[in-house]
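Asks: The structure under discussion is supplied below as structure tokens; questions concerning it will follow.
The values are calculated or read from the model by the stated rules, or taken from the named source; none is laboratory data. Everything quoted here is computed from the prediction, not taken from an experiment. Cβ: placed from backbone, ideal geometry, glycine included. Neighbour counts: every protein chain shown.
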Amino acid sequence: MKNRHLFWQVLFLWWFQEFAVFLSMHFRLLFLLMLFSGVAAAQHVLPLDSVRIRDTEDFFADDYGSIYLYRKSDFSFTKYDSVGNQQGRVMMTLPFRVQGVQNPLSIFLFSQNAQEIRLLDQNLNEIQNIHLSRDFNFIQAAYAEDLQQVWLLDGVSGKLIQYNYRGRQTVASFQMNLDPPSVISMLVYQGKMYGLTDNSLVICNLKGQKIADIAVLSPMKLRRENDFIYVITRDSILKLNENNILETVFSASEARIVDKNSSSFFEVKGNKFYLYSRKLSDRE
């Protein structure tokens, strides 16, 4: 009798262990399936054909579903809606840089070659053309602060100039401690100038003192969203923290261009355009 009772106890323990292993394996499989489904759902292919994307050198995404493509082959800047329909296009005869499309009603373009700034509306029609050569020798980089003032970096003197382009007046100028010809893009915010070079992010205060010089691989452009400064490289998006350290918030090793808006990441991989709809949290 005792042996029979011991037999049933051993059988029950064996069955319980096997059942526990079975549940564990299935829960792991279910977790992996859920994780894979979440990643797959986060990625969407946008409806832009490969011909449009193939020659694209840069792109931008606003918060209203529009995509903007810049092509160096013909110096064109084209706006498409969320289903791929063209909404506007501007052509220039010389290269230019797009500051950003956070405010799609007022888009600033700067051409170092032409020494001019163009202000475009939501349909990429020209609102204003600012001819910098009328008042300055050579401007290396420009940053539009608002609809009245721009910041200009003099490529010869190294001065940072606050310029009211409505009234064609210099408001102030500051001598910067950097090599002006090395700056490919800049941004001014809260008393600091952020200058992007071919391999670094240089931060100076308006006294000209260099606060930081941070190495960056393949930088392309700068972006400000609220109080956060981002460096966008060929295949990653970096956020500057309060200690002047760049933290990676998005990376796509096979991408040739990446960008972001306030809620999504974008990448061009091959001749396809991908959107990752995970919500960013700048408080993390």
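Asks: Which ones in segment 147-198 are farther than 27 Å from Leu105 by Cα and out of contact with any Ser or Thr (no Cβ under 9 Å at 6 or more places or on another chain)?
Replies: Matches in segment 147-198: Gly155, Val156, Gly158, Ala172, Phe174, Met176, Asn177, Pro181.
Asks: How do the pairs read when you match residues in segment 141-161 that are under 17 Å from Leu196 (Cβ atoms) and free of Cβ contacts under 8 Å to residues at least 24 places away in the same chain with residues anywhere that are outside any loop (DSSP other than H, G, I, E, B) and among the hydrophobic types (A, V, I, L, M, F, W, C), using Cβ under 8 Å and keeping only pairs 6 or more apart or on different chains?
Replies: Listed by first residue and then by second, the contacts come to Leu152/Leu132; Leu152/Ile139; Leu152/Ala141; Leu152/Ala142; Leu152/Leu160; Leu152/Ile161.
Asks: Any residue at all in segment 165-187 that is among the β-branched types (Val, Ile, Thr), free of Cβ contacts under 8 Å to residues at least 24 places away in the same chain, crowded, with 17+ Cβ neighbours inside 10 Å and outside any strand (DSSP E or B)?
Replies: The answer is no, given that none of the residues of segment 165-187 is among the β-branched types (Val, Ile, Thr), free of Cβ contacts under 8 Å to residues at least 24 places away in the same chain, crowded, with 17+ Cβ neighbours inside 10 Å and outside any strand (DSSP E or B).
Asks: In segment 51-65, what residues are of a type in the set (Gly, Ala, Ser) and either part of a loop (DSSP other than H, G, I, E, B) or farther than 13 Å from Lys79 by Cβ (or both)?
Replies: Gly65
Yes/no matrix, rows are residues, columns are (1) touching a Leu at 6+ places or on another chain (Cβ under 6 Å); (2) within 20 Å of Arg71 (Cβ to Cβ); (3) not small (Gly, Ala, Ser); (4) not in a strand (DSSP E or B):
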| residue | (1), (2), (3), (4) |
| --- | --- |
| Lys207 | no, no, yes, yes |
| Ala212 | no, no, no, no |
| Ile229 | yes, no, yes, no |
| Ile237 | no, no, yes, no |
| Glu242 | no, no, yes, yes |
| Val258 | no, yes, yes, no |
| Phe273 | yes, yes, yes, no |
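Asks: Looking at Leu201 and the list (1) part of a loop (DSSP other than H, G, I, E, B); (2) under 20 Å from Ser251 (Cα atoms), which single condition is not satisfied?
Replies: It fails just one condition, (1).
Asks: Here are some conditions: (1) touching a residue at least 24 places away in the same chain (Cβ under 8 Å); (2) in contact with a Ser or Thr (Cβ under 8 Å, 6 or more places away or on another chain); (3) surrounded by 17 or more Cβ atoms within 10 Å (Cβ to Cβ). Leu69 meets all but one. Which one does it not meet?
Replies: (1)
Asks: Is segment 93-104 home to any residue that is on the phi > 0 side of the Ramachandran plot and not aromatic (Phe, Trp, Tyr)?
Replies: yes
Asks: Kindly provide the set of residues from segment 189-202 that are buried (at least 18 other Cβ atoms within 10 Å of the Cβ) and either of a type in the set (Phe, Trp, Tyr) or more than 17 Å from Gln140 (Cβ to Cβ) (or both), ordered by number.
Replies: The one that is buried (at least 18 other Cβ atoms within 10 Å of the Cβ) and either of a type in the set (Phe, Trp, Tyr) or more than 17 Å from Gln140 (Cβ to Cβ) (or both): Tyr194.
Asks: Now, a different point. From the residues in segment 244-256 that are among the charged types (D, E, K, R) and part of a loop (DSSP other than H, G, I, E, B), which one is modelled with the lowest pLDDT?
Replies: Glu254
Asks: Right, another one. Would you check which residues across segment 208-241 are among the aromatic types (Phe, Trp, Tyr) and under 10 Å from the mean Cα position of the chain (by Cα) and list them?
Replies: The one that is among the aromatic types (Phe, Trp, Tyr) and under 10 Å from the mean Cα position of the chain (by Cα): Tyr230.
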